[in-house]
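In what follows, a single structure is set out as structure tokens and then discussed.
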Amino acid sequence: MTPDQLKCIQLRDCFYGGYSMPQYCRDRGIKKPLIASYDPEFLWELYVQFRYDKEILPAFRMLAGEGTAVSHGMECVVGGCRFEKLDLNKVEGYDKIILLTTNRFPQLPVDRTVYFDTLLRQCAQYVYAERPLYHYLDTHRGVRVVLTGYPVLKRNELSTEREKVIVQKNVHVLRKELKERNGKVLKTRFDEFGYSNDQVYSILALSDARTNLDGTSDLVDSTDPLIRTENGKRLTAYQNGEYSHTIWCMGTCVYYGIGSPYDKTIESYLQQILNENGHEWRVENASQFYSGRYQDIFYNLNRLPVKEGDIVLICLQNLRAEKLPYFDCRNLFDRPHNYGEVFADSAHINERGNQIYARKFYEYLVENDFFRQYEYSGIPEEFPSVHQYGIVKIAGGYRFKISLSWKSIKRSCENSVRLWEAS
């Protein structure tokens, strides 16, 4: 599969999430686009979107060949079309030239050309970060959201011998080997922490999740002393009974704590740091194996029992929302550093890495004044309302309208009773 074909699939994901190419153009004030691709089939999909929308009618061009005739729809609805080959000398008069390829064309004007990687990043950021998060914040006033990614091991001349070895076998392969070892004792990258093979298998397997009818998901409860899941989530150690606010961590397996006992996750170390510094805050681990399933994060986010002043840390990998704070930890463990060995493989950190991460995140919260009252600035007051991931519509006071409707029904019933009694 070529990079362009992969990006076609990823852009389709954004379409399924409810964000069309006509809407993308409207959001950016593009009234006359030229859209070009090597793939006539994908170009046809976009052609159909614009034909049904009809507010914007782009020009479509092929990047190779002499032109292609395509017709897959019902003739009476969409009809066929012919995509001519792009002439690089005839691009004047178009607001934007949208190229569905990562190949660069230096002949085209830089300020008017959008390539596939840029297009996909903008669409994914809107669908899987900005839109659901702005809706969430509009229905949960006073809650603070911090976006983040996760540290990644970068191999270079500074890499240690251990790092060069562990990247060749990720923790999921190691887990499978431990499951099938047939009583043999295997040497693992977790031996330095004193765990047996059975214990390593436990903290790599963790708990499965079950999906509920409302789209949310819960971890299967486990009494394993290293895993400790209860009421659908993994427990956080060192919590005390006195707290005024909560930090909710919603992330992928790094934040779930794969490869670590429950008391040595990022959340447990963060709770320990908060206690030591006199903060009456509680930390909750709301993470699961979310990687690649952003919609599951938002379904579960919408049901958290948050209250004003709480902080929600959400890992959306490389996605950001322009108006929201971002804790950039991607280069946290780039060498040179004196932390020792912090990676379990190229994309997962061990308990030593968890402890360092927790301290760095705490420092970020302190430096940005989150423990008093961090104020967001610039979040759109009005955002296009789309019912998504279980988040309630709020445009035009949707929730308020429900309340009014219920009150009107109640008033109507009371009036009917009074009229009946009077009669």
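The table below gives the values:
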| quantity | calculated |
| --- | --- |
| Extreme residue, surrounded by the fewest Cβ atoms within 10 Å (Cβ to Cβ), among residues of segment 307-320 that are at pLDDT 90 or above and in contact with a strand residue (DSSP E or B) (Cβ under 7 Å, 6 or more places away or on another chain) | Gly309 |
| Segment 185-226, subset acidic (Asp, Glu) and out of contact with any helix residue (DSSP H, G or I) (no Cβ under 6 Å at 6 or more places or on another chain), residue surrounded by the most Cβ atoms within 10 Å (Cβ to Cβ) | Asp218 |
| Unmet criterion (only one of (1) surrounded by fewer than 21 Cβ atoms within 10 Å (Cβ to Cβ); (2) in contact with a Lys or Arg (Cβ under 7 Å, 6 or more places away or on another chain); (3) of a type outside the set (Val, Ile, Thr)) for Asp263 | (2) |
| Which listed residue, of Tyr47, Tyr38, Tyr24, Tyr52, is more than 21 Å from Val114 (Cα to Cα) and modelled with pLDDT of 85 or more | Tyr52 |
| Condition met for Arg359 (at pLDDT 95 or above, assigned by TED's automatic domain parsing to the domain that holds Ser260 and surrounded by fewer than 21 Cβ atoms within 10 Å (Cβ to Cβ)) | yes |
| In segment 31-62, the residues that are surrounded by 19 or more Cβ atoms within 10 Å (Cβ to Cβ) and not in a helix (DSSP H, G or I) | Pro33, Leu34, Ile35, Ala36, Ser37, Pro58, Phe60, Arg61, Met62 |
| Scope segment 94-119; condition modelled with pLDDT under 95 and touching a Cys at 6+ places or on another chain (Cβ under 8 Å); matching residues | none |
| Total residues in segment 273-317, condition touching a residue at least 40 places away in the same chain (Cβ under 8 Å) and part of a helix (DSSP H, G or I) | 10 |
| Segment 227-260 - residue that is part of a loop (DSSP other than H, G, I, E, B) and among the polar types (S, T, N, Q) and, of those, surrounded by the fewest Cβ atoms within 10 Å (Cβ to Cβ) | Asn231 |
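This table checks each residue for (1) outside the structural domain of His140 (by TED's automatic domain parsing); (2) under 24 Å from the mean Cα position of the chain (by Cα); (3) modelled with pLDDT of 95 or more; (4) within 20 Å of Phe327 (Cβ to Cβ).
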{"position": "Val200", "(1), (2), (3), (4)": "no, no, yes, no"}
{"position": "Ser207", "(1), (2), (3), (4)": "no, yes, no, no"}
{"position": "Pro225", "(1), (2), (3), (4)": "no, no, yes, no"}
{"position": "Asn240", "(1), (2), (3), (4)": "no, no, no, no"}
{"position": "Trp248", "(1), (2), (3), (4)": "no, yes, yes, yes"}
{"position": "Tyr290", "(1), (2), (3), (4)": "no, yes, no, yes"}
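The values are calculated or read from the model by the stated rules, or taken from the named source; none is laboratory data. Please read these numbers as outputs of a predicted model, since none were measured by experiment. For neighbour counting, all protein chains shown are included, and Cβ atoms are generated from backbone atoms with ideal geometry for every residue, glycine included.
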